[in-house]
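These notes are about the structure you will find just below.
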Amino acid sequence: MKQFQQQYPEVHFTILHRRETSGLRLLSHEDHDIDIVISSSRSLFTPLVDEDRLLPLNALNFDSTFQQQRFMQDSIANVAIFGYSGYGLMWNKDYIKKHQLPVPNKWESLADPRYSRHLVMSSPARSGTTHIMVENILQQYGWKNGWQLLLQIGGNLSSISARSYGTKNSIARGLAGIGPIIDSYAHESQKLFPFINFSYQPKSPLLPSYVAAVKNINQAKRSIEFIEFLLSDEIQQTLSTSSLNKYALHQTMAQPFEVASIDHQLMEERSLLVKQLFEQSINHQLIRLNQAWQLIHKVKQLTPLTAEEQRQYNLAIKLASTPPISEAQSRNPQLRKAVTMSKTDMHTTHLIKEWRTLMTNQLNQAISICEQLLDNHKQKGAGE
């Protein structure tokens with residue numbers, strides 16, 4: 001902004017750079033004063049495009065075909081990409097050494113029982129980047145196996161931060177050891193702390209940084225010129241060293257990894273459903289999840305298990321790794337439309353109460369089964 005205002009000192013913009021839900025809430029007011037929207041959340045722009053609330057970018061000569069090919073996605077009308085990020089795992093090397101933990105390398109490794117209570121992440125309901133991470137797991141592994149992995153990782157979480165920034169701070173301060181995070185936050189921490197390390201998640205999508213100019217009643221001048229400025233060589237050459245910590249459009253990543261595409265349409269269609277499921281199955285169940293998976297890992301060490309004990313053990317795993325709704329139910333368009341993030345919507349309140357109760361009962365049952373198995377083996381040992 002300061003650089004741009006050196007060319008146009010009379011220009012003043014109000015820029016929206018906040019989470020998707022609160023951003024859309026602000027933009028829904030007819031008297032909003034937002035001129036520019038910057039976000040890594042593609043779905044934030046969808047309602048703005050549908051309602052014809054963005055200024056046309058016809059005057060800009062940016063290569064939308066290149067952007068589509070590079071980021072493996074369809075372009076969005078009147079929205080430009082000016083940079084990009086990736087995501088992966090950030091960890092505190094001193095913390096890892098102190099607790100004698102292995103260095104993590106991918107999502108699956110976070111299910112290792114050695115990481116119990118050493119992980120932190122944010123919720124997809126509060127972080128657009130985390131939503132993409134969670135959705136990428138569900139699309140890669142499928143609904144059933146994806147949630148099984150997420151719930152196992154949930155069993156190792158020490159906390160769920162209010163936003164992605166909180167994940168970064170928890171790891172930097174040594175309150176937790178490891179967490180999934182966008183690279184720009186990790187790079188920001190690495191500039192300050194030599195004990196922070198980061199690696200990209202293989203088979204993950206690139207995260208474009210989108211920018212658009214919004215129509216409003218007090219239209220600012222030079223909004224389009226500002227977007228053009230973000231795409232200019234002057235800004236692109238310094239983007240990765242700026243406070244944004246974004247890669248420029250034609251810049252190669254510091255650590256190459258296998259890039260995977262993500263189905264944005266599917267993600268948007270079930271967005272609220274996935275967010276609420278994570279909230280009710282993981283965020284609000286953290287203590288039970290921790291307990292259930294710690295006990296499951298303890299039972300795994302018991303040998304030998306009888307056929308009936310093995311059956312009970314398998315049931316405990318199933319109960320602790322199955323979300324409250326099935327994949328078939330998740331495809332129901334009526335259910336998808338019925339779910340909101342509103343705390344006052346009665347239908348949503350009923351649904352989430354049902355999901356939370358079901359997940360609570362499943363975890364309590366898994367805990368009970370494991371405690372019984374451990375108690376049986378303790379008694380056997382005493383008898384021998």
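In summary, no strands (runs of 3 or more DSSP E) completely within region 72-141 bear 3 or more residues that are of a type in the set (Asp, Glu), surrounded by fewer than 24 Cβ atoms within 10 Å (Cβ to Cβ) and at pLDDT 95 or above. Considering region 270-299, the residues that are in contact (Cβ under 8 Å) with a residue 60 or more places away in the chain and surrounded by fewer than 16 Cβ atoms within 10 Å (Cβ to Cβ) include one that is nearest to residue 119 (Cα to Cα), namely 286. Taking region 289-384 as the region of interest, the helices (runs of 4 or more DSSP H) fully inside it that hold 2 or more residues being charged (D, E, K, R) and farther than 21 Å from residue 142 by Cβ are 307-320, 346-383. Applying the criterion of being among the β-branched types (Val, Ile, Thr) and not in a loop (DSSP other than H, G, I, E, B) to the residues of region 233-262, the residue that is farthest from residue 182 (Cα to Cα) is 235. State which residue is surrounded by the fewest Cβ atoms within 10 Å (Cβ to Cβ) when the search covers only region 145-196 and only residues that are among the hydrophobic types (A, V, I, L, M, F, W, C) and within 23 Å of residue 20 (Cα to Cα). Among those residues, the one meeting the criterion is 162. Residue-level analysis places residue 378 among those that are closer than 22 Å to residue 302 by Cβ and free of Cβ contacts under 8 Å to residues at least 12 places away in the same chain. With respect to (1) under 26 Å from the mean Cα position of the chain (by Cα); (2) modelled with pLDDT under 95, the lone exception for residue 321 is condition (2). Residues that are surrounded by 14 or more Cβ atoms within 10 Å (Cβ to Cβ) and not β-branched (Val, Ile, Thr) within region 320-330 comprise 320, 321, 323, 324, 330, listed in sequence order. Kindly evaluate residue 265 against the criterion of being closer than 30 Å to residue 75 by Cβ, part of a helix (DSSP H, G or I), without any contact (Cβ under 8 Å) to a residue 60 or more places away in the chain and not assigned by TED's automatic domain parsing to the domain that holds residue 71. Yes, satisfied.
Just one of the listed residues (321, 330) is in contact with a Lys or Arg (Cβ under 7 Å, 6 or more places away or on another chain) and closer than 18 Å to residue 355 by Cα, namely 330.
Whenever a residue of region 319-342 is within 26 Å of residue 367 (Cβ to Cβ), its partners that are assigned to a helix (DSSP H, G or I) and β-branched (Val, Ile, Thr), lying with C-beta atoms within less than 8 angstrom and at least six residues away or across chains, give the pairs 319/369; 320/296. Is there a residue in region 273-295 that is at pLDDT below 95 and among the small types (Gly, Ala, Ser)? The answer is no, given that none of the residues of region 273-295 is at pLDDT below 95 and among the small types (Gly, Ala, Ser).
The values are calculated or read from the model by the stated rules, or taken from the named source; none is laboratory data. Please read these numbers as outputs of a predicted model, since none were measured by experiment. Quick reminder, even Gly has a Cβ in these numbers, built from the backbone with ideal geometry, and neighbours come from all protein chains shown.
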